[in-house]
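In what follows, a structure is listed as structure tokens, so that the remarks can point back to it.
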């Protein structure tokens, strides 16, 4: 049968969708694009914000309307926290965020019987075992992902994800190393280590190994594979972590540190477990260990109770940190979270105004970082040809374009000659 997958949300969702796609292919089914005709459509949803919920519902409604005869399957964080809403949208199969190994058994049975909606959603808070899914990527990809952690117990005031994903579960170190070795043998040149709360990896394992232990094991198992890290909690970055990470020759110097606000008062209201000074300490440590690394972050503006003075303080901190890239989000009121009931909700128009102002700063910071790359030599992993130029990513995760021939999945040194848009132009070193 033909099947299509629509994925919303984070890298973990992308990873899990790819695993479901590979299992479908292994069973002899044919993967098609979401806009093509298929017998089965799978929507892997996101529920991190109210806006994400809305987008998930829109995709499900559109597919139900456009493909009334198809088997419509909805999984991910949205049905995990709102199974009834997923059923009401017309889904034939409703799954959550767990037991992905059963998905195709359920989907094939539902397609054969068509006996009415089937809901298979467990209690995420009762999960204690990490569900290992095979690492990898789709055909023609240069980069693969390895999910090493699931769950979160931080309970930030604006976030529903701990309820959608359950407590922390970690992929054992030896299994992570083995999968990394398999991906290197399969021909991938880069691997992204990802998780719902990557910094929590290991806290549920015997001996409570640290993230640096995982990096060293994976690096040793696949020395020819460039390694990237997903989002990190700032407190993960210590002198010991940086010293050990800097010794790994295949670790890319790109670090996404989750900020959300540069104002201590707002951070406390968000229930974040660090203050601006601790965040700045993480940035200083990384810049001392790695030369001009790519440092990226997320910023929420208009959080309940955020005054104009708080917002200005947050922007001043962001500028001081001089991020290489900054993703700005106006606060999205998420039912079921403490922040949704907080006093001092910021009006929508003011949130949009603050987002525009923060976005302008983000663009300026990005340009400053890109300008510093001109004249440098960067090792680029080329991914695809587009508009007559090959493009790929440097270790600092900047997009680089250069003329060349047959560069797919090849690492080449590029001399950067100019900034173009959100990336760089260069020439291959001969």
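For region 298-430, just list the percent of Cα-Cα distances falling in each 10 Å bin from zero outward, please.
12, 32, 22, 18, 13, 2, 0
Evaluate the relative contact order of region 377-428 (contact order divided by residue number), counting alpha-carbon pairs under 8 angstrom at least 6 apart; express in whole percent.
Working: 118 pairs, mean separation 18.8, N = 52.
Computed value for region 377-428: 36 percent relative contact order.
Using alpha-carbon positions, what is the distance between the centroids of region 127-174 and region 263-289, in Å?
After rounding, the separation between the Cα centres reads 24 Å.
Report relative contact order for the chain in percent, whole number only (criteria: Cα-Cα under 8 Å, sequence separation at least 6). List each step's numbers first, then the result.
Numbers: 886 pairs, mean separation 42.3, N = 430.
With pairs under 8 Å counted, the relative contact order is 10 percent.
Across region 340-379, what fraction of all alpha-carbon pairs, as a whole percent, falls in each successive 5 Å bin from zero upward?
Result returned by the calculation: 6, 18, 14, 13, 13, 10, 9, 7, 6, 4, 1.
Compute the relative contact order of region 2-122 as a whole-number percentage, counting only Cα pairs closer than 8 Å that sit 6 or more residues apart in sequence. Walk me through the numbers on the way to the answer.
Values: 210 pairs, mean separation 27.0, N = 121.
Dividing the mean separation by the residue count of region 2-122 yields 22 percent.
Considering the Cα trace of region 129-210, what is its radius of gyration and what is Dmax, both in angstroms?
Looking at region 129-210, its Cα Rg and Dmax stand at 13.8, 43 Å.
Which whole-number percent of Cα pairs in region 61-122 have a distance greater than 16 Å?
On the way: 750 of 1891 pairs.
When all Cα pairs of region 61-122 are counted, 40 percent exceed 16 Å.
Find the all-direction average of the projected area of the Cα convex hull for region 143-373, expressing the result in square nanometres with one decimal place.
Values: hull surface 50.9 nm².
Average of the hull's projected areas for region 143-373 equals 12.7 nm².
Can you compute the label reach from residue 417? Point 7 Å from Cα along the Cβ direction, backbone N cut-off under 20 Å, restricted to region 352-390.
Correct set: 370-390.
For residue 386 and residue 26, FRET efficiency with R0 = 35 Å and r from the beta-carbon atoms, rounded to 0.05? Write out the running numbers ahead of the final one.
Values: r = 31 Å, r/R0 = 0.87.
After rounding, the FRET efficiency stands at 0.70.
Run the Debye formula on the Cα coordinates of region 377-428, all scatterers equal and no solvent, and tell me log10 I(q)/I(0) at q = 0.13, 0.25, 0.31 1/Å.
These q points yield log10 I(q)/I(0) values of -0.22, -0.87, -1.39.
For residue 114 and residue 265, compute 0.36 nm times the residue count separating them, minus their Cα-Cα distance, and round to one decimal in nm. Numbers along the way, then the final one.
Values: separation 151, 0.36 × 151 = 54.36 nm, distance 5.35 nm.
The residue 114-residue 265 span can extend by a further 49.0 nm.
Given region 200-299, what whole percent of its Cα pairs are spread farther than 18 Å? Numbers along the way, then the final one.
Values: 2455 of 4950 pairs.
I get 50 percent for the Cα pairs in region 200-299 exceeding 18 Å.
Modelling each spin label as a point 7 Å along the Cα-to-Cβ direction, I'd like the residue 123/residue 243 distance in nm, to one decimal.
A separation of 4.5 nm, rounded to one decimal place.
In whole angstrom, how far apart do the alpha carbon centroids of region 360-383 and region 34-67 sit?
35
At a Förster distance of 25 Å, what's the computed FRET efficiency of residue 2 paired with residue 102, Cβ-Cβ distance as r, to 0.05? Don't jump to the answer; show the numbers that get you there.
Working: r = 21 Å, r/R0 = 0.85.
Rounded to the nearest 0.05, the efficiency is 0.75.
Sort 189-200, 151-162 by the packing proxy (mean of other Cβ within 10 Å over each peptide's residues), most packed first.
Details: 189-200: 23.7, 151-162: 20.3.
My ranking of the peptides, most packed first, is 189-200, 151-162.
Between residue 69 and residue 342, what length in nm is gained on full extension when 0.36 nm per residue of separation is reduced by their alpha carbon distance? Don't skip to the answer; put the middle values down first.
Details: separation 273, 0.36 × 273 = 98.28 nm, distance 4.38 nm.
Here the answer is 93.9 nm.
Over its Cα atoms, what ratio of radius of gyration to 2.2 N^0.38 Å does the chain give? Display every interim value, and only then the final one.
Values: Rg = 21.9 Å, N = 430, 2.2 N^0.38 = 22.0 Å.
Dividing the Cα radius of gyration by 2.2 N^0.38 Å gives 1.00.
Can you give me the orientation-averaged projected area of the convex hull built on the Cα atoms of region 195-248, in nm²? Each step should come with its number before you reach the end.
Values: hull surface 16.0 nm².
Spelled out: convex hull of the Cα atoms, projected over all directions, averaged, 4.0 nm².
At 7 Å along the Cα-to-beta-carbon direction for both residue 405 and residue 322, put a label point, then send me their distance in nm to one decimal.
4.2
Ranked highest first by the average count of other Cβ atoms within 10 Å around their residues, in what order do 322-330, 118-126 fall? Before the final figure, lay out the partial values.
Values: 322-330: 19.2, 118-126: 15.0.
Those peptides, ordered most packed to least, come out 322-330, 118-126.
Bin by bin, in steps of 5 Å, what percent of the Cα pairs in region 63-174 do you find, going until the bin that has the longest distance?
Per 5 Å bin, starting at zero, the Cα-Cα P(r) for region 63-174 comes out as 2, 11, 17, 19, 18, 15, 12, 5, 1, 0 percent.
Mind jotting down the distance between the C-alpha centroids of region 218-262 and region 91-125, whole Å?
Measuring centre to centre over Cα atoms gives 36 Å.
Above 16 Å lies some portion of the pair distances; for region 2-122, what is it as a whole percent of all C-alpha pairs? Walk me through the numbers on the way to the answer.
Details: 3989 of 7260 pairs.
In whole percent, the share of Cα-Cα pairs in region 2-122 beyond 16 Å is 55.
Show me 82-95, 208-221 ranked by packing, highest mean number of other Cβ atoms within 10 Å first. Each step should come with its number before you reach the end.
Working: 82-95: 20.5, 208-221: 18.9.
Listed from highest to lowest mean packing, they are 82-95, 208-221.
Which three lengths, in whole Å and largest first, does region 314-355 cover when its Cα atoms are put on their principal axes?
The Cα atoms of region 314-355 stretch 34, 21, 15 Å along their principal axes.
Taken together, the values in this text are just the output of simple stated rules run on the coordinates, not laboratory data. Keep in mind that what you see is a predicted model, and the values were worked out from it rather than measured. When we count neighbours, we look across all protein chains shown, and the Cβ atoms used for this are built from the backbone with ideal geometry, even at glycine.
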